[in-house]
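Visitor: Structure below; questions to follow.
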Amino acid sequence: MNTHTGRRTTTALCAALTTVTLAGCSSSSGTTADSAPAESSSTIGAERCQQNRDAGPIIYLTSYDLGGGAGVLSQVAAAGMGFYEDLCLDVEVRPKTDNNSQMVSAGTAQFAGLGSASDVLAAQANGAQVMGIGTFGNVGQVALVTMADGPIQTLSDLEGAKLGYKVTMPGQLRSMLEANDVDFEQVEAVKVGFDPSILPQGQVEALQAYKDNEPGILEAAGHDITVWDPAEFGVEGTFSTTIVNTAWGESHPTAVEDFLRATYHAFNWLRESDENLAEGIAYAESVSQAGFDAEHETTRWHTSSDLVVDNLLDGHGVGYQSTELWQPEADELLEFGTISEPLDVASLQTARYVDAIYDGSELIWPAPGAE
């Protein structure tokens, strides 16, 4: 049975009274640094609680919206269900900015989600002072979508065609094209927004997509599409990576650990039952400032969370990452000219925070020192 419903209602009311999506309202649990001395509880010990309170207010920027993606809804639900509060963390969850990595590097936010390891590595190569600390997906989530009855029947048909991409051209897609002997110089790659209707409208012949989002939207609208998955061509990748401000993380290690602990606890909680998922989706809808399609976001959750669970690394739980997992994307960034020098991947990501919250593949909940 969920024991956090009352706290979720309070948080939702706080959010409704502010201009920030998930506002850090004062709570009865007192999670700010100037609260009374911490007391041991059923979820965290007093000493660790105080260390987390001393970290102060925390801002987390999602990788996209406040919807149903596994690397989004987990944090939204952790805030709404009170899991961060349970660990004495004062967390405010906001949708993405124009540049999450810059915001975290500057200390304006402490944590953020990025689309993949590639996004983290590219930001670090550009000087961002951030550390990759957890990765939901150990498989790529980007794909290429074309119309089933359109001009792209084989990948070689992309030569001379217009391909729409978001933000930056994913190395995983380029690797897939090169594996099929497509001359990328002959592809008209154009930066587009996040509206997938430009594909059936004919503005592009191919569109970068996320496996849990655009295909479902297009199919729900009655379009017959073809999804080209880089993983089916042997291209490795990742998705939904969490970053922390490097200096802040070094100064507040228990807060980093317990932010991840509560996030992955929420992921597990959402997958426990349809009732839990429905409550998480309802909360996300209540705080979303954009249009929210609960049915689509529920499907999005199932698709992306299944991708996470189906691709867990042996002996590890959600969030674990490694140099070996990230290296293929670093190699792609160099090969395709996104970065000019090789990166020392081992120094740009760490599994130490995730290692601290797991016993093998089992998440440690409650936190150490709990009653």
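Visitor: Tell me which residues come under 5 Å, amide H to amide H, from Ile339 once H is placed; ignore anything under 5 positions away on its chain.
Guide: Those qualifying (amide H under 5 Å, at least 5 residues apart or on another chain) are Leu334.
Visitor: Place the peptides 84-92, 296-304, 361-369 in order of packing, highest mean first, counting for every residue the other Cβ atoms within 10 Å and averaging per peptide.
Guide: Going from most to least packed, we get 84-92, 296-304, 361-369.
Visitor: Computed over the Cα atoms of region 172-285, what is the ratio Rg over Rh, Rh following Kirkwood?
Guide: With Rh from the inverse mean 1/r over Cα pairs, Rg/Rh is 1.07.
Visitor: Run the quick spin-label model on Gln201 and Asn99: label points 7 Å from Cα toward the beta carbon, then report their separation in nm to one decimal.
Guide: Between Gln201 and Asn99, the label points sit 2.8 nm apart.
Visitor: Could the peptides 238-244, 117-123, 59-65 be put in order, highest first, of the mean number of other beta-carbon atoms found within 10 Å of their residues? List each step's numbers first, then the result.
Guide: Numbers: 238-244: 28.1, 117-123: 25.7, 59-65: 22.9.
Answer by packing, highest mean first, reads 238-244, 117-123, 59-65.
Visitor: Normalised by the residues of the chain, what does the relative contact order come to in percent, with Cα pairs under 8 Å and at least six apart?
Guide: 26
Visitor: Moving to a separate point now. Using Cα pairs closer than 8 Å and at least 6 residues apart in sequence, work out the relative contact order for region 70-172, in percent.
Guide: Numbers: 51 pairs, mean separation 19.2, N = 103.
Computed over region 70-172, the figure is 19 percent.
Visitor: So how do 162-172, 207-217, 147-157 stack up, highest first, on mean other-Cβ count within 10 Å?
Guide: Those peptides, ordered most packed to least, come out 207-217, 162-172, 147-157.
Visitor: Still on this structure: Just going by the charge dipole of the chain, with Lys and Arg at +1 and Asp and Glu at -1 on Cβ, which of Ser40, Ala109, Ile225 is farthest out on the positive end?
Guide: Ser40
Visitor: Same structure, new question: What residues qualify as long-range amide H neighbours of Thr226, i.e. H under 5 Å apart, gap of 5 or more or another chain, H built at 1.01 Å from N?
Guide: Thr146, Met147, Ala148
Visitor: The list [x] 36, 23, 17; [y] 33, 24, 20; [z] 51, 21, 19 gives values of semi-axes √(5λ) of the Cα gyration tensor in Å, and only one came from this structure; which label was calculated from it?
Guide: Among [x] 36, 23, 17; [y] 33, 24, 20; [z] 51, 21, 19, the one derived from this structure is [x].
Visitor: Suppose R0 equals 35 Å. What FRET efficiency, 1/(1 + (r/R0)^6) with r the Cβ-Cβ distance, do Ala221 and Asp331 give to the nearest 0.05?
Guide: 0.40
Visitor: Step through the residues of region 151-158 one at a time and calculate ³J(HN,Hα) from phi using the Karplus curve (6.51 cos²θ - 1.76 cosθ + 1.60, θ = phi - 60°), rounding each to whole Hz and writing x for Gly and Pro.
Guide: x, 9, 9, 9, 5, 5, 5, 5
Visitor: What's the Cα-based Rg to Rh of region 142-233, Rh via Kirkwood?
Guide: 0.91
Visitor: Related question: Can you compute the modelled spin-label distance between Asp149 and Ser273, with each label point 7 Å from Cα toward Cβ, in nm?
Guide: Each label point lies 7 Å from its Cα, and together they span 4.6 nm.
Visitor: Nearest 500 deg cm²/dmol is fine: what mean residue ellipticity at 222 nm does the chain get from its DSSP H runs of n ≥ 4 alone, each adding -39,500 (n - 2.57), divided by its residue count? Before the final figure, lay out the partial values.
Guide: On the way: 15 runs with 146 residues, N = 371.
So the helix-based figure for the chain works out to -11500 deg cm²/dmol.
Visitor: Can you give me the angle between helix 5-16 and the longest principal axis of the chain, using Cα atoms only, in degrees from 0 to 90, rounded to the nearest 10?
Guide: 70
Visitor: Let me ask another. Taking amide H positions as placed 1.01 Å from N in the peptide plane, with prolines and chain starts having none, which residues 5 or more places from Val190, or on another chain, fall under 5 Å of its amide H?
Guide: Leu163, Gly164, Tyr165
Every number in this text was worked out from the coordinates using simple rules, so none of it is lab data. Note that the structure is predicted; figures quoted are calculated from it, not measured. Positions of Cβ are generated from backbone atoms using ideal geometry, with glycine treated the same way; all protein chains shown enter the neighbour counts.
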